[in-house]
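Participant: Dropping a structure here in structure tokens format, bear with me for questions.
The values are calculated or read from the model by the stated rules, or taken from the named source; none is laboratory data. Nothing here was measured: the structure is a model prediction, and the numbers come from that model. In this analysis, Cβ positions are derived from the backbone assuming ideal geometry, glycine residues included, and neighbour counts consider all displayed protein chains. Ligands, DNA and RNA are stripped out before the accessible areas are found, and what is left, the full protein with its side chains, is counted by its heavy atoms. Shrake-Rupley method; radii C 1.70, N 1.55, O 1.52, S 1.80 Å.
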Amino acid sequence: EAHWYLPQIGVEPYAQGKGLGAELMKYALARCDQEQALAYLEASKPENIPFYQRYGFEVTGEIQVGAAPPVTPMLRRPRT
């Protein structure tokens, strides 16, 4: 199914907590909503999952290869 893949979103530690990550997410999701497209990402840190959930992402599973840290795939349906 057609979707936008959001490969990386990040803010330098010195700039965290100032709303920059939220602005990046809003910008990307506005485009997804405009195009009525799914958004997909993979959370590499469990502590970031609540941030993504605030924007409507849902956990779809977990990916782990060998002893590598797990990655959490997340999907968001477009908003009207």
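Participant: With the checklist (1) of a type outside the set (A, V, I, L, M, F, W, C); (2) open to solvent by less than 90 Å² (accessible area, probe 1.4 Å); (3) in a loop (DSSP other than H, G, I, E, B) in hand, flag the one item P73 doesn't pass.
Facilitator: Here P73 meets the rest and fails (3).
Participant: Take Q53 and decide whether it is within 10 Å of the chain's Cα centre (by Cα) and loosely packed, with under 15 Cβ neighbours inside 10 Å.
Facilitator: Numbers: within 10 Å of the chain's Cα centre (by Cα): yes; loosely packed, with under 15 Cβ neighbours inside 10 Å: yes.
Judged against the criteria, Q53 is a match.
Participant: On to the next question. I'd like the full set of residues that are farther than 12 Å from M74 by Cα, assigned to a loop (DSSP other than H, G, I, E, B) and among the aliphatic types (A, V, I, L, M), limited to the range 1-60.
Facilitator: A2, I9, V11, A37 - these are the residues of the range 1-60 that are farther than 12 Å from M74 by Cα, assigned to a loop (DSSP other than H, G, I, E, B) and among the aliphatic types (A, V, I, L, M).
Participant: Taking the condition of being open to solvent by less than 60 Å² (accessible area, probe 1.4 Å) and closer than 20 Å to L41 by Cα, how many residues in the range 11-23 meet it?
Facilitator: Step one: list which residues in the range 11-23 are open to solvent by less than 60 Å² (accessible area, probe 1.4 Å), which gives 11, 15, 19, 21-22.
Of the ones still in play, those that are also closer than 20 Å to L41 by Cα are 11, 19, 21-22.
Number satisfying all stated conditions: 4.
Participant: Which of the residues belonging to the range 23-36 are more than 22 Å from V71 (Cβ to Cβ) and touching a helix residue (DSSP H, G or I) at 6+ places or on another chain (Cβ under 9 Å)?
Facilitator: Those that are more than 22 Å from V71 (Cβ to Cβ) and touching a helix residue (DSSP H, G or I) at 6+ places or on another chain (Cβ under 9 Å): none in the range 23-36.
Participant: List the pairs whose first member sits in the range 45-59 and is closer than 13 Å to M25 by Cβ, whose second member is open to solvent by 40 Å² or more (accessible area, probe 1.4 Å) and in a loop (DSSP other than H, G, I, E, B), and whose Cβ atoms are under 8 Å apart, counting only residues at least 6 apart or on separate chains?
Facilitator: G56/R77; G56/R79
Participant: Hey, another quick one. Counting only residues that are modelled with pLDDT of 95 or more and open to solvent by 30 Å² or more (accessible area, probe 1.4 Å), which one in the range 36-45 is nearest to I9 (Cα to Cα)?
Facilitator: By that ranking, first place goes to E42.
Participant: Exactly one of (1) closer than 21 Å to E12 by Cα; (2) open to solvent by less than 100 Å² (accessible area, probe 1.4 Å); (3) out of contact with any strand residue (DSSP E or B) (no Cβ under 8 Å at 6 or more places or on another chain) is unmet by A30. Its number?
Facilitator: (1)
Participant: Which condition number does G61 fail, the rest of (1) farther than 18 Å from E1 by Cβ; (2) open to solvent by less than 40 Å² (accessible area, probe 1.4 Å) being met?
Facilitator: Only one criterion is unmet by G61, namely (1).
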